[in-house]
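The values are calculated or read from the model by the stated rules, or taken from the named source; none is laboratory data. No experiment lies behind these values; they were computed from the predicted model shown. Positions of Cβ are generated from backbone atoms using ideal geometry, with glycine treated the same way; all protein chains shown enter the neighbour counts. Keep in mind that these areas ignore ligands, DNA and RNA; they rest on the heavy atoms of the full protein, side chains included. Shrake-Rupley method; radii C 1.70, N 1.55, O 1.52, S 1.80 Å.
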Protein chains: 2
Amino acid sequence: MGWFSKDITNMDDLFVHTLRDIYYAEHQIRRALPDMIDKATSPELKQSFQTHMRETEQQIVRLQEVFRLHGVEEKGVNCPAIDGILEEANEVAGEVDDKQVLDAALIAAAQSVEHYEITRYGTLKRWAEVLGTAKVAELIKASLQEESQTDEILTRIAARANETERESVAT
Amino acid sequence: MGWFSKDITNMDDLFVHTLRDIYYAEHQIRRALPDMIDKATSPELKQSFQTHMRETEQQIVRLQEVFRLHGVEEKGVNCPAIDGILEEANEVAGEVDDKQVLDAALIAAAQSVEHYEITRYGTLKRWAEVLGTAKVAELIKASLQEESQTDEILTRIAARANETERESVAT
């Protein structure tokens, strides 16, 4: 992310740099999702990834609005964190035949992506409350809430899969 | 993480592989913390990093106990996600003179690390409830709770810094 490159001297620089970090991350996530949708075997999981792809597109639009309201150029900066997280997620490359194992690994990968987004939007929301307008904070809060909800949905899908596994172990 | 390398064919393989992923991650975090402690300027932040370093050491010991109880070799596997997250955190390299900006960036970096650990321990706890013993699930739960608490502490420290910033903007 280069938080400490010399061009960051104040909180506003840090805010804008982090906006550009998550802007890049959202684009990378948008690119990764079709493959995850394709690989998910449970219809419920496939559906949740499809919903999240539409949300991701909306989150990109929200970020563009934040750039506009904050009066700075809309652009991304490289983010080794999301690259590393997606490198793991992208390894979901069809090597596994067992559907349950495949879905479990996809959920784990997606939740690591969600948590990255939760932490970044949480930080941006905090900073926006001091540096931005009320509208900027509100846009960031909307995306933060969506990410948290997606994480909760994935936890519920995983819990149901666990119940099935527990029953199969018990019988 | 190589979740989908060909040696992962069942849920137990996935569980063990993810244990080794977080085992590697905890070691990398342990290595990164002294530098973060050194850079933090707020005594409260410095103290929270010191506490977290001791917790990290304890979490490594817990993972060793989990490996032992689960009857598998204790070892790490490369994890591009934590490498990427720490690459960002490690850039906190003293280029910034402003103490407030430095601490804000350190908190953001530390929270992205915490959220990675929260997602991995959350996944492992879920799987351990089906695949492991009650003791294994309990050990993982203890680390998950510590990570969540650390994240909450960092949020509180950041909120107080925000209040100070808001007051300085208002005056």
Legend entry - Unique residue being in contact with an Asp or Glu (Cβ under 7 Å, 6 or more places away or on another chain), closer than 30 Å to A:D12 by Cα and of a type in the set (S, T, Y) when the list is B:T164, B:T150: B:T150
Legend entry - Conditions (1) away from chain B (no Cβ under 13 Å); (2) open to solvent by 20 Å² or more (accessible area, probe 1.4 Å); (3) assigned to a helix (DSSP H, G or I): number failed by A:I140: (2)
Inset, instruction - Give region B:143-160 a look and list any residue that's under 16 Å from A:E129 (Cβ atoms) and more than 9 Å from chain A (Cβ to nearest Cβ), or say none. - result: B:R156, B:I157, B:R160
Inset, instruction - Count, please, the residues in region A:148-157 that happen to be touching a residue at least 60 places away in the same chain (Cβ under 8 Å) and not aliphatic (A, V, I, L, M). - result: 1
Inset, instruction - All but one of (1) of a type outside the set (V, I, T); (2) assigned to a loop (DSSP other than H, G, I, E, B); (3) more than 9 Å from chain A (Cβ to nearest Cβ) hold for B:D97, so report the exception by its number. - result: (3)
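Does A:L69 fit the bill of being touching a Lys or Arg at 6+ places or on another chain (Cβ under 8 Å) and open to solvent by 20 Å² or more (accessible area, probe 1.4 Å)? Quick ask: steps written out before the conclusion?
On the way: touching a Lys or Arg at 6+ places or on another chain (Cβ under 8 Å): yes; open to solvent by 20 Å² or more (accessible area, probe 1.4 Å): yes.
Taking the combined requirement at face value, the residue satisfies it.
Just to be sure, is B:Q149 polar (S, T, N, Q), open to solvent by 60 Å² or more (accessible area, probe 1.4 Å) and assigned to a helix (DSSP H, G or I)? Talk me through it step by step, then tell me what you get.
Values: polar (S, T, N, Q): yes; open to solvent by 60 Å² or more (accessible area, probe 1.4 Å): yes; assigned to a helix (DSSP H, G or I): yes.
The answer is yes for B:Q149.
Residue by residue, here is whether (1) crowded, with 18+ Cβ neighbours inside 10 Å; (2) over 28 Å from B:D151 (Cα atoms); (3) in contact (Cβ under 8 Å) with a residue 12 or more places away in the chain holds:
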residue: A:F15; (1), (2), (3): yes, no, yes
residue: A:I22; (1), (2), (3): yes, no, yes
residue: A:M36; (1), (2), (3): yes, yes, yes
residue: A:C79; (1), (2), (3): yes, no, yes
residue: A:G84; (1), (2), (3): yes, no, no
residue: A:V113; (1), (2), (3): yes, no, yes
residue: A:G122; (1), (2), (3): yes, no, yes
residue: A:A128; (1), (2), (3): yes, no, yes
residue: A:L131; (1), (2), (3): yes, no, yes
Inset, instruction - Select from region A:36-92 the residues that are in a helix (DSSP H, G or I) and β-branched (V, I, T) and write down the one among them that is modelled with the lowest pLDDT. - result: A:I85
